Ligand SMILES: CC/C=C\C/C=C/C(=O)SCCNC(=O)CCNC(=O)[C@H](O)C(C)(C)COP(=O)(O)OP(=O)(O)OC[C@H]1O[C@@H](n2cnc3c(N)ncnc32)[C@H](O)[C@@H]1OP(=O)(O)O
């Protein structure tokens, strides 16, 4: 008998499974059962949307079905094609045998949506593949290929071709064989000589990595229960821990993030262009200009995506340096991949070519300019590109803040010019901010989005403004952090609060890592500091607003961060990575406050957190109101994937919705009253409007945007 299941479980699928199994058991002519999915996919597990209404969630009914499968008196074989994830894999674990297609992937990704495998998976998997391998799969949520699953003993057979036929063959072969040894609930968990120490260390490791995220820790506890208790008791513990996670706000935030990352694929612009009508152009070859840190990562990303690349530098000396660095990155990437260097094929000049000759860019489908942030230089390059490149070529600029329209104005084809803001290291970071200018064509946007997908990145389409979305929201956040130092705090205190909140790295550690000189150059360019600053400008004011010269002063002292061995912190050497609080800086801050007549005060953690985060969120509301991003999900996806925002808090705008918009507004009003010269703390009109209309759910915010003055 064959039972088919759908891609992800609904109540109807579970009912069909139950009915089918009962019918098979009752029918003496049925000798064995095979369960497979439709359309070449076994199952992606339970419907994640249903977890927000737990009472009616189909997942709740899944565990009894898994038990029912296992207790069948006839052999049940899972035929796994495509994916078997979450509840899908748990169903397969209830089966007595598992056959997987060679290209199938399996995993228990519940941890990534703030849960644990709650359909008995935490108790069955360790019995099948042992505690270390099970713990690895359950706490990381990674998908493993069929070949690895076979090695682990997770599947019994691999089918190169027809999985269903292979599963039916296996089912026929095992008819009449005893089923007890195949029932995982009856098996003991394989012992380890040092199980206690192993589990203790595993807990320490996940706690360190998870930084406040509950699910990985509770996954370890559930697997511990499997190793210490009989099956039925382990199940009780699994259920208890599952319920705890389900009711936590973290699960809701992580599930929101899952759908937000998919929602941003459906991009739209205020002018009416959208993913549904724009056609992407094929990208069969690419060029990268500039082999500095960003360019090297971008080349590596393209090679990994199997796109032939021409890598260009301005002179032979820089080309040699860049080439060496790219090759090193690629060697490292190849080592991490199955098939390694051969698969990447980067020694083949048809796949990767280094040159100083612009003429070689004539035929490429796409160019990514990645020279440093200098408008004049970028314009010069784009002028050249518009003369050399073929008419359809997409011209991308990797910039974190510069005006796309101005860059495009240097070309004869502004419709082909687009911003592609990569994040460092570009071959690792998943975010790609895609910025359209006033003339960028819908097809150019669609092509850049397709490129993001090919590079295994999450593309987020945003409008053109200084700093775009990510950096524009970051400015007021960092500004508050520096103001807090002026008022009496220390870098380590501010960083600690934000790292405890869940940021991978606090603003001062981040600034030291990125290099303080980067912002210094930008502020010099904007005339905020340096020789172009008009004489008589007050030290702590620019354009009538509060300004802190602290970061400029540090740069004037040669303190650029890690690269010089000191910045906001002290490092063991230039290029060192271990930050220690620096007595020099503490004295410097004290002198600075004396000079400017600032009386240091004790600043508590709540104020640090609120001023930094609410200023950032406030800017987010401004961005939404101006139509720079088409929804709060865009801002959240950018922050989670590019700025180390803790995923289990769902992104800044989702976080604001959980704090409550009235509270965010009230706090901003309170801080703004104390600091009237700081525009970043002045509540944005759109935030006020949302509160005035009763703080609707985040999904409805954009219906309250009025497009009277789009700035695009
Ligand atoms: C008491 C016990 C309770 C429960 C036990 C069981 C729990 C679970 O099973 S929890 C769910 C575990 N499964 C997952 O987390 C898998 C999530 N999905 C994925 O990882 C991927 O979608 C995929 C690998 C399955 C496919 O990837 P890809 O081909 O890149 O497609 P998309 O990611 O774009 O997905 C397509 C489409 O499907 C939606 N979707 C996918 N999986 C689910 C799901 N489990 N629930 C609801 N919706 C799902 C996804 O959002 C996309 O939708 P849109 O096209 O509308 O964006």
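The values are calculated or read from the model by the stated rules, or taken from the named source; none is laboratory data. Keep in mind the model is a prediction, meaning the values are calculated, not measured. In this analysis, Cβ positions are derived from the backbone assuming ideal geometry, glycine residues included, and neighbour counts consider all displayed protein chains.
Of the residues making up the range 160-171, those that are surrounded by 17 or more Cβ atoms within 10 Å (Cβ to Cβ) and without any contact (Cβ under 8 Å) to a residue 24 or more places away in the chain number 0. Here the condition is being in a helix (DSSP H, G or I) and either surrounded by fewer than 24 Cβ atoms within 10 Å (Cβ to Cβ) or near the ligand (Cβ under 10 Å from one of its atoms) (or both); of 63, 92, it holds for 63 alone.
Of all the criteria given as (1) out of contact with any helix residue (DSSP H, G or I) (no Cβ under 6 Å at 6 or more places or on another chain); (2) surrounded by fewer than 18 Cβ atoms within 10 Å (Cβ to Cβ); (3) modelled with pLDDT of 95 or more, the one not satisfied by residue 605 is (1). For the range 246-261, the condition holds for at least one residue, the condition being that it is within 12 Å of the ligand (Cβ to nearest atom), in contact (Cβ under 8 Å) with a residue 60 or more places away in the chain, closer than 22 Å to residue 640 by Cβ and loosely packed, with under 15 Cβ neighbours inside 10 Å.
Every residue, every condition in (1) within 16 Å of the ligand (Cβ to nearest atom); (2) assigned to a strand (DSSP E or B); (3) within 29 Å of the chain's Cα centre (by Cα); (4) modelled with pLDDT under 85, yes or no:
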position: 3; (1), (2), (3), (4): no, yes, no, yes
position: 12; (1), (2), (3), (4): yes, no, no, yes
position: 16; (1), (2), (3), (4): no, no, no, no
position: 20; (1), (2), (3), (4): no, no, no, no
position: 31; (1), (2), (3), (4): no, no, no, no
position: 34; (1), (2), (3), (4): no, yes, no, no
position: 41; (1), (2), (3), (4): yes, no, yes, no
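Would you be able to say whether some residue in the range 566-589 is on the phi > 0 side of the Ramachandran plot, surrounded by 14 or more Cβ atoms within 10 Å (Cβ to Cβ) and either touching a helix residue (DSSP H, G or I) at 6+ places or on another chain (Cβ under 8 Å) or at pLDDT 95 or above (or both)? No, because not a single residue in the range 566-589 is on the phi > 0 side of the Ramachandran plot, surrounded by 14 or more Cβ atoms within 10 Å (Cβ to Cβ) and either touching a helix residue (DSSP H, G or I) at 6+ places or on another chain (Cβ under 8 Å) or at pLDDT 95 or above (or both). Checking each residue in the range 102-112 for being surrounded by 24 or more Cβ atoms within 10 Å (Cβ to Cβ) and either more than 16 Å from the ligand (Cβ to nearest atom) or farther than 21 Å from residue 126 by Cβ (or both) picks out only 104. Of everything in the range 141-159 that is part of a helix (DSSP H, G or I) and free of Cβ contacts under 8 Å to residues at least 40 places away in the same chain, the residue that is farthest from the ligand (Cβ to nearest atom) is 151. None of 288, 303, 283 is assigned to a helix (DSSP H, G or I) and at negative phi except 303. Among the residues here, residue 70 qualifies as more than 12 Å from the ligand (Cβ to nearest atom) and either part of a strand (DSSP E or B) or under 27 Å from residue 220 (Cβ atoms) (or both).
When residues of the range 508-531 are filtered for being assigned to a loop (DSSP other than H, G, I, E, B) and under 14 Å from residue 485 (Cβ atoms), how many remain? Of the residues in the range 508-531, 0 are assigned to a loop (DSSP other than H, G, I, E, B) and under 14 Å from residue 485 (Cβ atoms). Test residue 336 against the stated conditions and say whether it is surrounded by fewer than 13 Cβ atoms within 10 Å (Cβ to Cβ) and assigned by TED's automatic domain parsing to the domain that holds residue 449. Yes.
Looking across 83, 99, one residue alone is near the ligand (Cβ under 9 Å from one of its atoms), in the same structural domain as residue 167 (by TED's automatic domain parsing) and at pLDDT 95 or above. It is 83. On inspection, residue 265 qualifies as more than 19 Å from residue 113 (Cα to Cα), within 15 Å of the ligand (Cβ to nearest atom) and not assigned by TED's automatic domain parsing to the domain that holds residue 298. Just checking, does the range 350-359 include any residue being in contact with a strand residue (DSSP E or B) (Cβ under 8 Å, 6 or more places away or on another chain), within 27 Å of residue 415 (Cα to Cα), assigned to a helix (DSSP H, G or I) and assigned by TED's automatic domain parsing to the domain that holds residue 457? Yes, the range 350-359 contains at least one residue that is in contact with a strand residue (DSSP E or B) (Cβ under 8 Å, 6 or more places away or on another chain), within 27 Å of residue 415 (Cα to Cα), assigned to a helix (DSSP H, G or I) and assigned by TED's automatic domain parsing to the domain that holds residue 457. When residue 534 is tested against (1) assigned to a loop (DSSP other than H, G, I, E, B); (2) at pLDDT 95 or above, just one condition goes unmet, and that condition is (2).
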